[in-house]
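Since the structure comes first, as structure tokens, the remarks are kept for the end.
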């Protein structure tokens, strides 16, 4: 081997090594950028999840506030009705009138309870939907995101 051949071979090896190093650097840079993009997407995804949980919690808190207010109003109405009924019973002269008034009062209270139970059932069903909606929306978005990633 001549000195020129050795220099040519060394230059060729050096050029190939340089090309290989540049390729590795470019691939590493692309991998780091992709990792950064994935990290950003993961943070955004978790942020959206947290926002959905917060929205769900706000709906639950508002619902609890409405339930509490309704129960206070219901208790007040019941107390007022019972107080008025007791006053009317105090003025009754005959046992027949007393039993008639008591029966009417009990029937009215039972009807009110059934009516309130029906309204409460509707309210709780609606509230459950409002609480679950933000999380269902996130689930749908996450599912769509996964589908688009696998399709790509």
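Once both axes come from the Cα atoms, what is the angle between helix 95-151 and the longest principal axis of the chain, in degrees from 0 to 90, rounded to 10?
It works out to around 10 degrees.
Using the alpha-carbon atoms, what tilt in degrees (0 to 90, nearest 10) does helix 3-90 show relative to the longest principal axis of the chain?
Relative to the chain, helix 3-90 is tipped by roughly 0 degrees.
Would you please classify the overall shape of the stretch 45-120 from the alpha carbon gyration tensor, given that a ≥ b ≥ c denote the square roots of the eigenvalues, rounded means a/c under 1.5, and beyond that prolate means a/b larger than b/c while oblate covers the rest?
Prolate, since a/c reaches 1.5 and a/b exceeds b/c.
So for the stretch 1-71, considering every pair of alpha-carbon atoms, how many percent are separated by more than 20 Å?
Cα-Cα pairs of the stretch 1-71 separated by over 20 Å account for 67 percent.
Rank by packing, highest mean first: peptides 118-124, 144-150, with packing defined as the count of other Cβ atoms within 10 Å averaged across residues.
Highest-to-lowest ranking by the protection proxy: 118-124, 144-150.
Expressed in nm², what is the orientationally averaged projection area of the convex hull enclosing the Cα positions of the chain?
In nm², the orientation-averaged hull projection of the chain is 14.4.
Running a GNM on the chain with Cα contacts under 10 Å, which residue among 29, 62, 40 ends up with the highest mean-square fluctuation?
Between 29, 62, 40, it is 29 that shows the largest mean-square fluctuation.
May I ask for the distance between the Cα centers of the stretch 7-29 and the stretch 39-108, given as a whole number of Å?
With the stretch 7-29 and the stretch 39-108 each reduced to a Cα centre, they are spaced 78 Å.
At what distance in nm do the modelled label points of residue 111 and residue 38 sit from each other, each positioned 7 Å from its Cα along Cα→Cβ?
With each label placed 7 Å out from Cα toward Cβ, I get 6.8 nm.
When only Cα pairs under 8 Å and 6 or more residues apart are kept, what is the percent relative contact order across the chain?
45
Can you tell me the order of 16-26, 48-58 when each peptide is scored by its average per-residue count of other Cβ atoms within 10 angstrom, highest first?
By packing density, highest mean first, the sequence is 48-58, 16-26.
If r is the Cβ-Cβ distance from residue 120 to residue 53 and R0 is 35 Å, what FRET efficiency results, to the nearest 0.05?
So, using R0 = 35 Å, E works out to roughly 0.85.
At 222 nm, what value in deg cm²/dmol follows for the chain if DSSP H runs of at least 4 each add -39500 (n - 2.57) and the sum is divided by all its residues, to the nearest 500?
Helix contribution divided over all residues of the chain: -36500 deg cm²/dmol.
All of the numbers you see were taken from the coordinates with simple rules; none came from a lab. No experiment lies behind these values; they were computed from the predicted model shown. So basically every Cβ, Gly included, is an ideal-geometry build from the backbone, and we count neighbours across all protein chains shown.
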